[in-house]
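Structure, as C-alpha coordinates:
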Amino acid sequence: MPTNRYIDTRGRNGEPIEFTEAIVKGLADGGGLFVPERLPHFELEEILAFAGMPYYARAAAVYSAFEPDMSASQVEELMRKTYGDRFDTPEIAPITSLSNDMHVLELWHGPTSAFKDMALQCLPNFFSASAKKLKEEGKIDTDFLILVATSGDTGKGALEGFRDAEGIKIAVLYPEGGVSDIQYKQMATQRGENVMVWAVRGNFDDCQTGVKTVFSDGEFAKKLAVSEKVALSSANSINWGRLLPQVVYYVSSYASMVAAGKVAAGDPIDVCVPTGNFGNILAAWYARQIGTPIERFVCASNDNHVLTDFINTGEYDIRGREFILTASPSMDILVSSNVERQVFELSGRNTELVDEWMRSLKQEGHFELDASTKEKLQRDYAAGYVGNAEALATIKEVFESEGYLIDPHTAVAMKVAQNHKGSNPMLVASTAHWAKFGVNVYRALHGIAASDDLPDEVAKLTDCQLNELIADETGVHNIPAGLAELDGLPIRFTKVIDGDVAAIEGAVEEFLS
(Lines give C-alpha, C1' and ligand atoms only; values in the text may rest on other atoms or scores of the structure.)
Protein backbone atom coordinates (compact mmCIF):
# COMPACT_ATOMS: atom_id res chain seq x y z
CA MET A 1 0.00 0.00 0.00
CA PRO A 2 1.46 3.43 -0.90
CA THR A 3 2.06 5.88 1.93
CA ASN A 4 1.97 9.64 1.90
CA ARG A 5 5.10 11.34 3.13
CA TYR A 6 5.62 14.69 4.82
CA ILE A 7 7.71 17.65 3.78
CA ASP A 8 8.96 20.75 5.57
CA THR A 9 7.45 24.18 4.82
CA ARG A 10 10.94 25.71 4.98
CA GLY A 11 12.73 22.99 3.02
CA ARG A 12 15.34 22.29 5.68
CA ASN A 13 14.34 18.90 7.04
CA GLY A 14 15.98 16.80 4.33
CA GLU A 15 14.17 13.84 2.79
CA PRO A 16 10.38 13.56 3.24
CA ILE A 17 9.32 11.42 6.22
CA GLU A 18 6.43 9.09 6.99
CA PHE A 19 3.25 10.08 8.85
CA THR A 20 4.33 8.33 12.05
CA GLU A 21 7.67 10.16 12.05
CA ALA A 22 5.99 13.52 11.43
CA ILE A 23 3.59 12.96 14.33
CA VAL A 24 6.35 12.00 16.75
CA LYS A 25 8.79 14.66 15.56
CA GLY A 26 6.16 17.42 15.70
CA LEU A 27 8.31 20.23 14.36
CA ALA A 28 10.70 20.02 11.40
CA ASP A 29 14.41 20.73 11.71
CA GLY A 30 15.01 24.44 11.35
CA GLY A 31 11.58 25.34 12.73
CA GLY A 32 9.37 24.53 9.74
CA LEU A 33 6.05 22.67 9.83
CA PHE A 34 5.21 19.33 8.25
CA VAL A 35 2.63 19.06 5.46
CA PRO A 36 1.72 16.01 3.34
CA GLU A 37 3.37 15.66 -0.06
CA ARG A 38 -0.03 15.17 -1.64
CA LEU A 39 -3.65 15.72 -0.66
CA PRO A 40 -6.36 13.14 -1.27
CA HIS A 41 -9.65 13.91 -3.01
CA PHE A 42 -13.16 12.88 -2.03
CA GLU A 43 -15.96 12.87 -4.58
CA LEU A 44 -19.18 14.52 -3.42
CA GLU A 45 -20.92 11.15 -3.15
CA GLU A 46 -18.18 9.90 -0.83
CA ILE A 47 -18.58 12.91 1.45
CA LEU A 48 -22.37 12.60 1.53
CA ALA A 49 -22.01 8.94 2.51
CA PHE A 50 -20.42 10.08 5.78
CA ALA A 51 -23.91 10.97 7.02
CA GLY A 52 -24.65 7.26 7.39
CA MET A 53 -21.51 6.56 9.42
CA PRO A 54 -20.69 7.03 13.12
CA TYR A 55 -18.22 9.85 13.71
CA TYR A 56 -15.25 7.56 14.35
CA ALA A 57 -15.75 5.95 10.94
CA ARG A 58 -15.84 9.36 9.25
CA ALA A 59 -12.55 10.24 10.94
CA ALA A 60 -11.00 6.91 9.96
CA ALA A 61 -12.03 7.42 6.33
CA VAL A 62 -10.36 10.85 6.17
CA TYR A 63 -7.18 9.62 7.89
CA SER A 64 -6.91 6.57 5.65
CA ALA A 65 -7.32 8.77 2.56
CA PHE A 66 -4.13 10.59 3.62
CA GLU A 67 -2.34 7.21 3.32
CA PRO A 68 -0.50 6.99 6.65
CA ASP A 69 2.04 4.25 7.25
CA MET A 70 -0.57 2.41 9.34
CA SER A 71 -3.14 -0.16 8.33
CA ALA A 72 -6.74 0.89 7.79
CA SER A 73 -7.80 -1.47 10.57
CA GLN A 74 -5.39 0.14 13.03
CA VAL A 75 -6.60 3.63 12.06
CA GLU A 76 -10.20 2.55 12.64
CA GLU A 77 -9.31 0.98 15.99
CA LEU A 78 -7.60 4.19 17.15
CA MET A 79 -10.57 6.28 16.04
CA ARG A 80 -13.00 4.03 17.92
CA LYS A 81 -10.89 4.59 21.01
CA THR A 82 -10.77 8.35 20.41
CA TYR A 83 -14.39 9.21 19.71
CA GLY A 84 -16.13 7.12 22.32
CA ASP A 85 -17.75 7.64 25.70
CA ARG A 86 -15.51 10.57 26.70
CA PHE A 87 -17.75 12.77 24.53
CA ASP A 88 -21.19 13.59 25.90
CA THR A 89 -23.10 13.02 22.65
CA PRO A 90 -22.81 10.23 20.07
CA GLU A 91 -22.80 12.89 17.35
CA ILE A 92 -19.43 14.10 18.77
CA ALA A 93 -19.70 17.48 16.95
CA PRO A 94 -23.44 18.25 16.55
CA ILE A 95 -24.83 21.22 14.62
CA THR A 96 -27.43 23.57 16.09
CA SER A 97 -29.31 25.68 13.53
CA LEU A 98 -30.34 29.16 14.68
CA SER A 99 -31.97 29.94 11.33
CA ASN A 100 -32.08 28.62 7.78
CA ASP A 101 -28.78 30.31 6.99
CA MET A 102 -26.93 30.39 10.34
CA HIS A 103 -25.69 27.13 11.85
CA VAL A 104 -23.44 26.45 14.85
CA LEU A 105 -20.92 23.61 14.88
CA GLU A 106 -20.58 22.63 18.55
CA LEU A 107 -17.01 21.49 19.10
CA TRP A 108 -17.09 21.41 22.90
CA HIS A 109 -18.69 18.08 23.78
CA GLY A 110 -15.40 16.43 24.82
CA PRO A 111 -13.93 15.96 28.31
CA THR A 112 -12.48 19.49 28.68
CA SER A 113 -15.42 21.33 27.05
CA ALA A 114 -13.38 22.97 24.29
CA PHE A 115 -12.76 22.31 20.60
CA LYS A 116 -9.22 21.20 21.37
CA ASP A 117 -10.64 17.86 22.51
CA MET A 118 -11.55 17.03 18.92
CA ALA A 119 -7.83 16.80 18.16
CA LEU A 120 -6.28 16.22 21.56
CA GLN A 121 -8.26 13.07 22.27
CA CYS A 122 -7.01 11.85 18.88
CA LEU A 123 -3.35 12.91 18.77
CA PRO A 124 -2.21 11.01 21.89
CA ASN A 125 -3.57 7.73 20.53
CA PHE A 126 -1.80 8.18 17.20
CA PHE A 127 1.34 9.52 18.89
CA SER A 128 1.61 6.46 21.13
CA ALA A 129 0.97 4.08 18.24
CA SER A 130 3.51 5.92 16.09
CA ALA A 131 6.17 5.88 18.81
CA LYS A 132 5.64 2.15 19.36
CA LYS A 133 5.98 1.46 15.63
CA LEU A 134 9.16 3.52 15.32
CA LYS A 135 10.70 1.81 18.35
CA GLU A 136 9.92 -1.61 16.91
CA GLU A 137 11.56 -0.55 13.64
CA GLY A 138 14.66 0.66 15.52
CA LYS A 139 14.24 4.25 14.32
CA ILE A 140 13.98 5.69 17.85
CA ASP A 141 15.08 4.52 21.28
CA THR A 142 13.83 7.30 23.56
CA ASP A 143 10.76 8.16 25.56
CA PHE A 144 9.11 11.54 24.95
CA LEU A 145 8.39 14.82 26.64
CA ILE A 146 5.45 16.67 25.08
CA LEU A 147 6.06 20.38 25.58
CA VAL A 148 2.99 22.58 25.07
CA ALA A 149 2.34 26.32 25.06
CA THR A 150 -1.29 27.24 25.66
CA SER A 151 -3.48 30.32 25.63
CA GLY A 152 -6.00 28.42 27.72
CA ASP A 153 -7.66 25.38 26.13
CA THR A 154 -4.86 23.44 24.41
CA GLY A 155 -3.09 22.90 27.73
CA LYS A 156 -5.93 21.13 29.47
CA GLY A 157 -6.83 19.18 26.34
CA ALA A 158 -3.25 17.95 25.94
CA LEU A 159 -2.84 17.14 29.64
CA GLU A 160 -6.02 15.10 29.63
CA GLY A 161 -5.19 13.39 26.34
CA PHE A 162 -1.65 12.34 27.36
CA ARG A 163 -2.41 11.67 31.03
CA ASP A 164 -0.57 8.53 32.21
CA ALA A 165 0.42 7.56 28.65
CA GLU A 166 3.22 4.98 28.70
CA GLY A 167 6.66 6.33 27.82
CA ILE A 168 5.41 9.93 27.60
CA LYS A 169 5.56 12.91 29.93
CA ILE A 170 3.83 16.21 29.25
CA ALA A 171 4.56 19.75 30.43
CA VAL A 172 2.34 22.76 29.73
CA LEU A 173 3.20 26.47 29.82
CA TYR A 174 0.48 29.12 30.09
CA PRO A 175 0.66 32.92 30.53
CA GLU A 176 0.34 33.91 34.18
CA GLY A 177 -2.92 35.86 34.59
CA GLY A 178 -3.78 35.31 30.92
CA VAL A 179 -6.34 32.50 31.23
CA SER A 180 -9.76 32.30 32.83
CA ASP A 181 -10.15 31.00 36.39
CA ILE A 182 -11.83 27.86 35.04
CA GLN A 183 -8.99 27.30 32.56
CA TYR A 184 -6.42 27.81 35.34
CA LYS A 185 -8.15 25.33 37.65
CA GLN A 186 -8.53 22.78 34.86
CA MET A 187 -4.75 22.76 34.41
CA ALA A 188 -3.66 23.29 38.03
CA THR A 189 -5.78 20.37 39.27
CA GLN A 190 -4.83 17.98 36.47
CA ARG A 191 -4.66 14.34 37.50
CA GLY A 192 -1.88 12.05 36.31
CA GLU A 193 1.64 11.01 37.31
CA ASN A 194 3.34 12.16 34.11
CA VAL A 195 2.11 15.77 33.95
CA MET A 196 3.53 19.20 34.80
CA VAL A 197 2.15 22.74 34.49
CA TRP A 198 4.03 26.04 34.67
CA ALA A 199 2.73 29.61 34.64
CA VAL A 200 4.97 31.91 32.60
CA ARG A 201 5.64 35.56 33.31
CA GLY A 202 4.46 37.08 30.04
CA ASN A 203 1.81 36.49 27.40
CA PHE A 204 1.00 33.54 25.15
CA ASP A 205 3.43 34.63 22.46
CA ASP A 206 6.21 34.48 25.07
CA CYS A 207 5.17 30.91 25.90
CA GLN A 208 4.93 29.84 22.27
CA THR A 209 8.19 31.51 21.22
CA GLY A 210 9.98 29.99 24.20
CA VAL A 211 8.75 26.50 23.39
CA LYS A 212 9.66 26.79 19.71
CA THR A 213 13.13 28.06 20.68
CA VAL A 214 13.64 25.08 22.99
CA PHE A 215 12.65 22.76 20.12
CA SER A 216 15.25 24.34 17.86
CA ASP A 217 18.05 24.03 20.46
CA GLY A 218 19.97 21.06 19.10
CA GLU A 219 22.43 20.95 21.99
CA PHE A 220 19.62 20.74 24.53
CA ALA A 221 18.00 17.94 22.55
CA LYS A 222 21.26 15.99 22.56
CA LYS A 223 21.65 16.58 26.29
CA LEU A 224 18.17 15.20 27.04
CA ALA A 225 18.69 12.22 24.75
CA VAL A 226 21.91 11.27 26.58
CA SER A 227 21.04 12.14 30.19
CA GLU A 228 17.34 11.29 30.29
CA LYS A 229 16.78 9.14 27.16
CA VAL A 230 14.02 11.61 26.26
CA ALA A 231 13.15 13.41 23.04
CA LEU A 232 10.97 16.52 22.78
CA SER A 233 7.78 16.72 20.76
CA SER A 234 4.75 18.98 20.49
CA ALA A 235 0.99 18.78 20.87
CA ASN A 236 0.42 22.34 19.69
CA SER A 237 -1.19 22.88 16.31
CA ILE A 238 2.29 23.01 14.81
CA ASN A 239 1.95 19.19 14.90
CA TRP A 240 0.13 17.83 11.83
CA GLY A 241 -1.53 15.34 14.17
CA ARG A 242 -3.42 18.26 15.71
CA LEU A 243 -4.57 19.67 12.39
CA LEU A 244 -5.84 16.56 10.61
CA PRO A 245 -8.58 15.74 13.17
CA GLN A 246 -9.89 19.26 12.65
CA VAL A 247 -10.12 18.69 8.90
CA VAL A 248 -12.40 15.76 9.71
CA TYR A 249 -15.13 17.77 11.41
CA TYR A 250 -15.53 20.18 8.51
CA VAL A 251 -15.91 17.34 6.01
CA SER A 252 -18.25 15.58 8.43
CA SER A 253 -20.32 18.72 9.03
CA TYR A 254 -21.08 19.19 5.36
CA ALA A 255 -22.42 15.65 5.13
CA SER A 256 -24.59 16.23 8.20
CA MET A 257 -25.95 19.52 6.87
CA VAL A 258 -26.96 17.94 3.56
CA ALA A 259 -28.58 14.98 5.34
CA ALA A 260 -30.55 17.39 7.56
CA GLY A 261 -31.72 19.44 4.58
CA LYS A 262 -29.73 22.51 5.61
CA VAL A 263 -27.95 22.72 2.26
CA ALA A 264 -28.55 21.06 -1.11
CA ALA A 265 -26.01 18.42 -2.11
CA GLY A 266 -23.16 20.09 -3.96
CA ASP A 267 -24.13 23.65 -2.99
CA PRO A 268 -21.41 25.51 -1.08
CA ILE A 269 -21.39 26.71 2.51
CA ASP A 270 -19.29 29.41 4.16
CA VAL A 271 -17.40 28.83 7.39
CA CYS A 272 -16.64 31.38 10.13
CA VAL A 273 -14.03 30.49 12.74
CA PRO A 274 -12.82 32.39 15.82
CA THR A 275 -9.10 31.89 15.47
CA GLY A 276 -5.89 32.80 17.22
CA ASN A 277 -3.26 30.36 15.97
CA PHE A 278 -4.98 29.88 12.57
CA GLY A 279 -5.11 26.09 12.81
CA ASN A 280 -8.89 25.69 13.10
CA ILE A 281 -9.69 27.80 10.06
CA LEU A 282 -6.79 26.30 8.09
CA ALA A 283 -8.34 22.89 8.71
CA ALA A 284 -11.50 24.12 6.98
CA TRP A 285 -9.36 25.28 4.05
CA TYR A 286 -7.78 21.83 3.78
CA ALA A 287 -11.27 20.30 3.94
CA ARG A 288 -12.13 22.23 0.79
CA GLN A 289 -8.91 21.16 -0.89
CA ILE A 290 -9.93 17.53 -0.50
CA GLY A 291 -13.42 18.05 -1.90
CA THR A 292 -15.75 19.67 0.65
CA PRO A 293 -17.96 22.38 -0.96
CA ILE A 294 -16.85 25.35 1.17
CA GLU A 295 -16.69 28.67 -0.66
CA ARG A 296 -15.50 31.30 1.82
CA PHE A 297 -13.48 31.20 5.00
CA VAL A 298 -14.34 34.03 7.38
CA CYS A 299 -11.59 34.65 9.92
CA ALA A 300 -12.94 36.16 13.16
CA SER A 301 -10.58 38.02 15.50
CA ASN A 302 -10.89 39.92 18.76
CA ASP A 303 -9.00 43.10 19.69
CA ASN A 304 -5.76 41.27 18.87
CA HIS A 305 -6.66 41.47 15.20
CA VAL A 306 -3.32 40.78 13.55
CA LEU A 307 -4.93 38.06 11.41
CA THR A 308 -7.70 40.36 10.19
CA ASP A 309 -5.11 42.94 9.22
CA PHE A 310 -2.96 40.29 7.53
CA ILE A 311 -5.81 39.01 5.39
CA ASN A 312 -6.98 42.48 4.47
CA THR A 313 -3.53 43.88 3.63
CA GLY A 314 -1.26 40.92 2.84
CA GLU A 315 1.21 42.15 5.47
CA TYR A 316 1.78 40.35 8.77
CA ASP A 317 3.01 43.03 11.14
CA ILE A 318 3.42 42.83 14.92
CA ARG A 319 5.85 45.75 15.25
CA GLY A 320 4.67 47.98 18.07
CA ARG A 321 1.38 46.12 18.29
CA GLU A 322 -0.08 46.02 21.78
CA PHE A 323 -0.98 42.62 23.21
CA ILE A 324 -4.48 43.01 24.64
CA LEU A 325 -6.07 40.75 27.24
CA THR A 326 -9.68 40.22 26.18
CA ALA A 327 -12.87 38.41 27.13
CA SER A 328 -11.86 35.70 24.62
CA PRO A 329 -8.39 34.78 25.96
CA SER A 330 -7.80 31.72 23.76
CA MET A 331 -7.58 34.13 20.81
CA ASP A 332 -5.14 36.51 22.50
CA ILE A 333 -2.30 35.67 20.14
CA LEU A 334 -0.13 37.83 17.88
CA VAL A 335 2.14 35.21 16.26
CA SER A 336 -0.13 32.64 14.61
CA SER A 337 1.90 29.53 13.82
CA ASN A 338 -0.36 27.95 11.20
CA VAL A 339 -0.18 30.99 8.95
CA GLU A 340 3.06 29.36 7.85
CA ARG A 341 1.27 26.33 6.42
CA GLN A 342 -1.28 28.54 4.68
CA VAL A 343 1.25 30.78 2.94
CA PHE A 344 3.26 27.69 2.03
CA GLU A 345 0.23 26.30 0.19
CA LEU A 346 -0.87 29.59 -1.40
CA SER A 347 2.64 30.43 -2.60
CA GLY A 348 2.75 27.21 -4.61
CA ARG A 349 4.70 25.43 -1.86
CA ASN A 350 7.64 27.80 -2.28
CA THR A 351 9.95 26.85 0.59
CA GLU A 352 12.42 29.66 -0.12
CA LEU A 353 9.72 32.31 0.14
CA VAL A 354 8.29 30.77 3.31
CA ASP A 355 11.72 30.51 4.91
CA GLU A 356 12.37 34.19 4.17
CA TRP A 357 8.95 35.29 5.43
CA MET A 358 9.30 33.38 8.70
CA ARG A 359 12.85 34.67 9.21
CA SER A 360 11.60 38.21 8.68
CA LEU A 361 8.72 37.74 11.11
CA LYS A 362 11.02 36.39 13.81
CA GLN A 363 13.79 38.94 13.36
CA GLU A 364 11.94 42.06 12.25
CA GLY A 365 8.35 41.49 13.38
CA HIS A 366 6.73 41.50 9.95
CA PHE A 367 6.61 40.08 6.45
CA GLU A 368 4.69 40.98 3.32
CA LEU A 369 3.28 38.54 0.79
CA ASP A 370 4.09 38.74 -2.89
CA ALA A 371 1.24 39.90 -5.14
CA SER A 372 0.23 36.42 -6.32
CA THR A 373 0.03 34.88 -2.85
CA LYS A 374 -1.84 37.91 -1.51
CA GLU A 375 -4.42 37.64 -4.29
CA LYS A 376 -5.02 33.96 -3.50
CA LEU A 377 -5.32 34.68 0.24
CA GLN A 378 -7.90 37.41 -0.30
CA ARG A 379 -9.80 35.31 -2.83
CA ASP A 380 -10.35 32.57 -0.24
CA TYR A 381 -10.65 34.56 2.96
CA ALA A 382 -12.72 37.34 4.44
CA ALA A 383 -11.84 38.72 7.87
CA GLY A 384 -13.23 40.92 10.59
CA TYR A 385 -12.88 41.60 14.29
CA VAL A 386 -14.99 42.73 17.21
CA GLY A 387 -14.03 44.23 20.54
CA ASN A 388 -15.02 43.11 24.03
CA ALA A 389 -18.16 45.23 24.26
CA GLU A 390 -19.56 44.00 20.96
CA ALA A 391 -18.70 40.38 21.75
CA LEU A 392 -20.47 40.54 25.11
CA ALA A 393 -23.46 42.26 23.53
CA THR A 394 -23.65 39.42 21.01
CA ILE A 395 -23.89 36.82 23.79
CA LYS A 396 -26.93 38.64 25.19
CA GLU A 397 -28.44 39.22 21.75
CA VAL A 398 -28.19 35.55 20.76
CA PHE A 399 -29.59 34.34 24.08
CA GLU A 400 -32.52 36.75 24.04
CA SER A 401 -33.42 35.99 20.42
CA GLU A 402 -32.67 32.26 20.28
CA GLY A 403 -32.50 31.03 23.88
CA TYR A 404 -29.02 29.76 23.00
CA LEU A 405 -26.07 30.52 25.28
CA ILE A 406 -22.61 30.95 23.75
CA ASP A 407 -19.15 31.73 25.07
CA PRO A 408 -17.16 34.90 24.18
CA HIS A 409 -15.08 33.18 21.45
CA THR A 410 -18.18 31.90 19.70
CA ALA A 411 -19.70 35.37 20.12
CA VAL A 412 -16.78 36.91 18.25
CA ALA A 413 -17.34 34.49 15.38
CA MET A 414 -21.12 34.98 15.45
CA LYS A 415 -20.87 38.74 15.10
CA VAL A 416 -18.21 38.57 12.37
CA ALA A 417 -20.33 35.95 10.58
CA GLN A 418 -23.34 38.24 10.72
CA ASN A 419 -21.25 41.08 9.33
CA HIS A 420 -19.95 38.94 6.45
CA LYS A 421 -23.06 36.94 5.65
CA GLY A 422 -23.43 36.15 1.97
CA SER A 423 -25.87 33.99 0.06
CA ASN A 424 -24.49 30.66 1.30
CA PRO A 425 -25.48 28.97 4.57
CA MET A 426 -22.97 29.98 7.24
CA LEU A 427 -21.41 27.43 9.59
CA VAL A 428 -20.01 29.08 12.73
CA ALA A 429 -17.44 27.13 14.73
CA SER A 430 -18.35 27.19 18.44
CA THR A 431 -15.08 26.51 20.18
CA ALA A 432 -15.94 26.36 23.90
CA HIS A 433 -18.83 25.69 26.24
CA TRP A 434 -20.18 28.88 27.79
CA ALA A 435 -19.36 27.67 31.32
CA LYS A 436 -15.62 27.85 30.63
CA PHE A 437 -16.01 31.64 30.58
CA GLY A 438 -18.87 32.16 33.01
CA VAL A 439 -17.63 35.50 34.35
CA ASN A 440 -17.84 37.14 30.96
CA VAL A 441 -21.10 35.38 30.12
CA TYR A 442 -22.55 36.84 33.33
CA ARG A 443 -21.24 40.27 32.36
CA ALA A 444 -22.85 39.91 28.96
CA LEU A 445 -26.25 38.88 30.27
CA HIS A 446 -26.29 41.71 32.83
CA GLY A 447 -24.77 44.44 30.67
CA ILE A 448 -21.62 44.81 32.76
CA ALA A 449 -18.59 45.98 30.80
CA ALA A 450 -15.44 43.87 30.86
CA SER A 451 -13.60 46.73 32.57
CA ASP A 452 -16.20 47.20 35.35
CA ASP A 453 -16.34 45.42 38.69
CA LEU A 454 -18.91 42.74 39.31
CA PRO A 455 -21.42 43.30 42.13
CA ASP A 456 -19.96 42.33 45.50
CA GLU A 457 -22.30 39.38 45.98
CA VAL A 458 -21.23 38.00 42.59
CA ALA A 459 -17.53 38.84 42.86
CA LYS A 460 -17.20 36.66 45.97
CA LEU A 461 -18.40 33.56 44.09
CA THR A 462 -16.02 31.05 42.57
CA ASP A 463 -16.39 30.56 38.82
CA CYS A 464 -18.11 27.23 39.45
CA GLN A 465 -20.63 28.89 41.76
CA LEU A 466 -21.15 31.68 39.24
CA ASN A 467 -21.91 29.11 36.54
CA GLU A 468 -24.62 27.65 38.75
CA LEU A 469 -26.08 31.13 39.19
CA ILE A 470 -26.10 31.67 35.40
CA ALA A 471 -27.78 28.29 34.90
CA ASP A 472 -30.48 29.18 37.44
CA GLU A 473 -31.08 32.60 35.88
CA THR A 474 -31.21 31.37 32.29
CA GLY A 475 -32.63 27.88 32.71
CA VAL A 476 -29.66 26.53 30.71
CA HIS A 477 -28.63 23.66 32.99
CA ASN A 478 -25.99 22.00 30.82
CA ILE A 479 -22.81 22.60 32.83
CA PRO A 480 -20.39 19.73 32.07
CA ALA A 481 -19.40 17.57 35.04
CA GLY A 482 -15.71 18.21 34.39
CA LEU A 483 -16.24 21.93 35.00
CA ALA A 484 -18.69 21.61 37.88
CA GLU A 485 -16.24 19.55 39.97
CA LEU A 486 -13.26 21.94 39.84
CA ASP A 487 -13.83 23.68 43.18
CA GLY A 488 -13.51 20.35 44.95
CA LEU A 489 -10.20 19.31 43.40
CA PRO A 490 -6.77 20.04 44.96
CA ILE A 491 -4.43 22.53 43.27
CA ARG A 492 -1.33 20.57 42.27
CA PHE A 493 0.72 23.04 40.21
CA THR A 494 1.65 26.56 41.31
CA LYS A 495 5.17 27.20 39.95
CA VAL A 496 5.80 30.40 37.95
CA ILE A 497 8.81 30.67 35.62
CA ASP A 498 10.28 33.20 33.22
CA GLY A 499 9.58 32.77 29.52
CA ASP A 500 13.19 32.77 28.28
CA VAL A 501 14.73 29.63 26.91
CA ALA A 502 17.12 29.13 29.84
CA ALA A 503 14.27 29.20 32.35
CA ILE A 504 12.15 26.78 30.34
CA GLU A 505 15.02 24.36 29.77
CA GLY A 506 15.89 24.49 33.47
CA ALA A 507 12.30 23.71 34.40
CA VAL A 508 12.24 20.84 31.92
CA GLU A 509 15.39 19.28 33.37
CA GLU A 510 14.05 19.63 36.91
CA PHE A 511 10.79 17.95 35.92
CA LEU A 512 12.49 15.06 34.14
CA SER A 513 14.90 14.38 36.98
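The values are calculated or read from the model by the stated rules, or taken from the named source; none is laboratory data. Computed from a predicted model, the values in this text were never measured in an experiment. Using ideal geometry, Cβ is built from the backbone for each residue, glycine included, and neighbour counts are taken over all protein chains shown. The accessibility values were calculated without ligands, DNA or RNA, using every heavy atom of the protein model including side chains. Shrake-Rupley method; radii C 1.70, N 1.55, O 1.52, S 1.80 Å.
A full extension of the chain between Arg359 and Glu315 corresponds to an added length of 14.4 nm, given 0.36 nm per residue minus the alpha carbon distance. Averaging the Cα positions of each part gives two centres, and for segment 266-303 and segment 384-458 these lie 20 Å apart. Using a/c under 1.5 as the rounded threshold, could you call the chain rounded, prolate or oblate? The axes a ≥ b ≥ c are square roots of the C-alpha gyration tensor eigenvalues, and prolate needs a/b larger than b/c, oblate otherwise. Rounded, because the longest to shortest axis ratio a/c is under 1.5.
Could you tell me which of Leu427, Asn239, Ala260 has its Cα farthest along the dipole of the chain towards the positive end, charges placed at Cβ (Lys, Arg +1; Asp, Glu -1), taken about the Cα centre? Final value for the positive-end residue is Asn239. Take the Cα of Leu44, step 7 Å toward its Cβ, do the same at Ala459, and the gap between the two points is 5.9 nm. Residue separation of Glu397 and Asp267 scaled by 0.36 nm, minus their Cα-Cα distance, works out to 43.8 nm of gained length. Ordering 61-69, 20-28, 445-453, 406-414 by mean Cβ neighbour count within 10 Å, with the highest value first, yields 406-414, 20-28, 61-69, 445-453. In segment 336-376, the portion of solvent-accessible area held by carbon and sulfur atoms comes to 45 percent [1.4 Å probe, whole percent, DNA, RNA and ligands not counted]. Extending 7 Å from Cα along the Cβ direction at Ala389 and again at Arg86 yields two label points whose distance is 4.2 nm.
For segment 42-122, the list of GluC sites (Glu not before Pro) that fall in a loop by DSSP and count at most 15 other C-beta atoms within 10 angstrom reads Glu43, Glu91. Under the criterion of Cα pairs below 8 Å and six or more residues apart, the relative contact order for the chain equals 18 percent. Scalar couplings 3J(HN,Hα) for segment 101-108, obtained by applying the Karplus form with A = 6.51, B = -1.76, C = 1.60 to θ = phi - 60°, are 10, 9, 10, 10, 8, 7, 9, 10 Hz; x denotes Gly and Pro.
For segment 208-282, the solvent-accessible area works out to 27 Å² per residue, with a probe of 1.4 Å and every protein chain left in place. How about segment 471-513: which GluC sites (Glu not before Pro) there lie in a loop by DSSP and see at most 13 other Cβ atoms within 10 Å? The qualifying sites are Glu485. Per residue of the chain, the DSSP helices (runs of n ≥ 4 H) give a summed -39500 (n - 2.57) that works out to -13500 deg cm²/dmol at 222 nm. Keeping the other protein chains in place, figure out the carbon and sulfur percent of the accessible area of segment 74-139, with a 1.4 Å probe. Carbon and sulfur: 43 percent of the exposed surface of segment 74-139.
Under a 5 Å amide H cut-off, with hydrogens placed 1.01 Å from N, Val197 pairs with Val172 among residues at least 5 apart or on other chains. Applying both filters, DSSP loop and at most 16 other Cβ atoms within 10 Å, to the trypsin sites (Lys or Arg not before Pro) of segment 419-459 gives Lys421. Were the residues from Lys132 through Ser513 laid out at 0.36 nm apart, the gain over their Cα-Cα distance would be 134.8 nm.
Cross-link partners for Lys222 among the lysines, with Cα-Cα distance under 17 Å and sequence neighbours closer than 8 places in the same chain left out: Lys25, Lys139, Lys212. Estimated from the Cβ-Cβ distance and a Förster radius of 22 angstrom, the FRET efficiency linking Ala51 and Ser99 is about 0.55. Taking each of Lys156/Lys396; Lys156/Lys460; Lys156/Lys185; Lys116/Lys436 in turn, the alpha-carbon distance tops 19 angstrom for Lys156/Lys396; Lys156/Lys460.
Rolling a 1.4 Å probe across the protein heavy atoms gives segment 10-98 an accessible surface of 43 Å² per residue.
Rolling a 1.4 Å probe over the heavy atoms of the protein chains gives segment 394-513 an accessible area of 42 Å² per residue.
Shown for the chain are the DSSP H helices of 27 Å or more along their axis, judged by Cα atoms, with a mean Kyte-Doolittle hydropathy of at least -0.5: 240-259.
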